[in-house]
Amino acid sequence: MLSVCASPEHRAALGLLSVALGAGVGDQLIEDISASDPVKLAAIINVGHVHTLLSITRSRDPRLDEVLPADLWLYLDEMHKANLDRQSDAVAQLREIGVLLHENGLSAVVLKGAAELLSPVYPLPGQRFLSDLDILVREDEAEQVRSLLQGRGGDWRDYPETTAKISHHLPPIANARWGHLVELHLRVGQAPVDHILEAARVFDRSLPSDIPGLRVPSLQDRFLHHVLHGMQRRFARHEIYLRDISDHAAFARALSSQEDAGVKQALTDAGLLGQLEALDALLCLLVPEEFPAPGKAGQDWVRKALKYYGSPELRKHRDTLDWVIHYARKFFFDAEFRRHYIRKVSSAEGRREFVAFHRERLNRIR
């Protein structure tokens, strides 16, 4: 099915990820790497956030060691080492935050990459790329937590009331001593994520970590969040994001059959089981020896997604059109959203942020 993807660089990126996840090195992968522009291949790996994972493919097959350029091997090695250092810094940052919360009688739940740091599902440290630190706080404690972090040197922008009603998290807080931005989440995600993973229930089901004041969601909630967050926009748009696949493999191997059944039931009840089936189909595509073949719906999704994945210019055009439609619908049918964006575009800073956001999105499409 990979032949549906017209770009050798995109096929090579998927092939390298399949080897990292445990598959063998096939002739097609060697041909795809040989036909690839190394700069384009590196960019695809980078925006897919698997540049910290792929160094483990070295020495899996002598042909792979020979065909992948030496400077690309060096890049992958250095990215993994750098991410190990970043993760160590992030744990120290989480420890400072957790102790501060604990000393003030508060607790919070770490999400996504932060949860991976405190309760890993990846086989080796440093494999999952981490950007910011997402921390779920109780809504009635959010201002107290924010004030505590500001007291430690945190820099926070003003937060308009209309924005608070739209977003599920507060603006990122930066600190000159910290290497990672912190996002305090009031809810686990936007609808329908917050309806399926209600914040209060995520708190109730969470588990203690080694850091006082910080808890980790149950493995079932983490897996469900991974599916819902990763596929919330990508499912309808048939988008492939490489780190979603590596995350999916790590969770699939860590889940018990009971936890897996719980996730499937929750998604079935919400009418969103197709999102899980799409990720399962991607995993089967890359590691067919370990993961069972999906149903027809999952296969159809992957076939269409591969076509888009190998056509970045088509994806850019579609992304622009989708955002125009999104803003038009929201503007005409959501009063809070309309007030928020009128306020945003009425200031020069707001307009710059708006343009920068969409320019960065287009630049990330490779």
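A short reminder: the numbers here are calculations on the coordinates, not readings from a lab. The structure presented is a predicted model; accordingly, all values stated were derived computationally and were not measured. Note that we place each Cβ from the backbone using ideal geometry, even for glycine, and neighbour counts take in every protein chain shown.
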Quiz item: Under a point-charge model restricted to the Cβ atoms of Lys and Arg (+1) and Asp and Glu (-1), what is the dipole moment magnitude of the stretch 312-366 relative to its Cα centre, in debye to the nearest 20?
Solution: 60
Quiz prompt | Calculated [θ] (222 nm, deg cm²/dmol) that DSSP helices of n ≥ 4 give over the chain, each run adding -39,500 (n - 2.57) | solution = -19000 deg cm²/dmol
Self-check item: Inter-site label distance for HIS317 and ASP155 at 7 Å from Cα along Cβ, in nm
Solution: 4.1
Exercise. Report the charge-dipole magnitude of the chain in Debye, nearest 20, computed about the Cα centre from +1 at each Lys and Arg Cβ and -1 at each Asp and Glu Cβ.
Key: 1100
Quiz item: When a footprinting reagent is the concern and you count Cβ atoms within 10 Å, what order do LEU17, LEU279 take, fewest first?
Solution: LEU17, LEU279
Quiz prompt | Under 15 Å, Cβ to Cβ, from VAL227 - net charge with Lys/Arg +1 and Asp/Glu -1 | solution = -4
Exercise. May I ask you to list the lysines whose Cα is less than 25 Å away from that of LYS304, ignoring any residue fewer than eight positions away on the same chain?
Key: LYS40, LYS264, LYS296, LYS316
Quiz item: Between PHE251, PHE333, PHE223, which gets the highest mean-square fluctuation from a Gaussian network model of the chain, Cα cutoff 10 Å?
Solution: PHE333
Quiz prompt | 10 Å beta-carbon shell around VAL121, net charge (K/R +1, D/E -1) | solution = +1
Quiz prompt | Coordinate range along principal axes, alpha carbons of the stretch 100-217, Å, largest first | solution = 42, 36, 28
Quiz item: How many nm is it between the label spots at ARG63 and ARG201, if each spot is 7 Å from the Cα in line with the beta carbon?
Solution: 4.9
Quiz item: So for the stretch 312-366, what percent of the C-alpha to C-alpha distances run longer than 16 Å?
Solution: 51
Quiz prompt | Nearby aspartates and glutamates by direct alpha-carbon distance to LYS307 (threshold 20 angstrom, same-chain neighbours under 8 apart not counted) | solution = GLU9, GLU31, ASP32, ASP37, GLU239, ASP244, GLU277, ASP280, ASP319, ASP322
Quiz item: Among residues other than ALA70 whose Cβ falls under 13 Å from its Cβ, what is the net charge (Lys/Arg +1, Asp/Glu -1)?
Solution: -4
Self-check item: Modelled FRET efficiency - R0 51 Å, TRP73 with ASP140, Cβ distances, 0.05 increments
Solution: 0.50
Exercise. Could you state the orientation-averaged shadow area of the convex hull built on the Cα atoms of the stretch 1-54, in nm² to one decimal?
Key: 3.5
Practice problem: Give me D for the stretch 216-263 in µm² s⁻¹, whole number, from Stokes-Einstein with Rh from the Kirkwood sum over alpha-carbon pairs, 37 °C and 0.692 mPa s. | Solution: 293
Practice problem: Please identify which residues in the stretch 216-233 have an amide N closer than 20 Å to a label point set 7 Å out from the Cα of LYS264, following the Cα→Cβ vector. | Solution: 219-229, 231
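From the C-alpha gyration tensor of the stretch 33-118, pull out the three semi-axes of the equivalent ellipsoid (sqrt of 5λ each), sorted largest to smallest, in whole Å.
Over the Cα atoms of the stretch 33-118, the ellipsoid semi-axes are 37, 12, 10 Å.
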Quiz prompt | Label-point separation in nm, ARG364 to ALA82, each point 7 Å along Cα→Cβ | solution = 1.7
Self-check item: Neighbour-count order for ASP319, ASP260, fewest beta carbons within 10 angstrom listed first
Solution: ASP260, ASP319
Quiz item: Along its principal axes, what span do the Cα atoms of the chain show, with the longest given first and each in whole Å?
Solution: 58, 48, 42
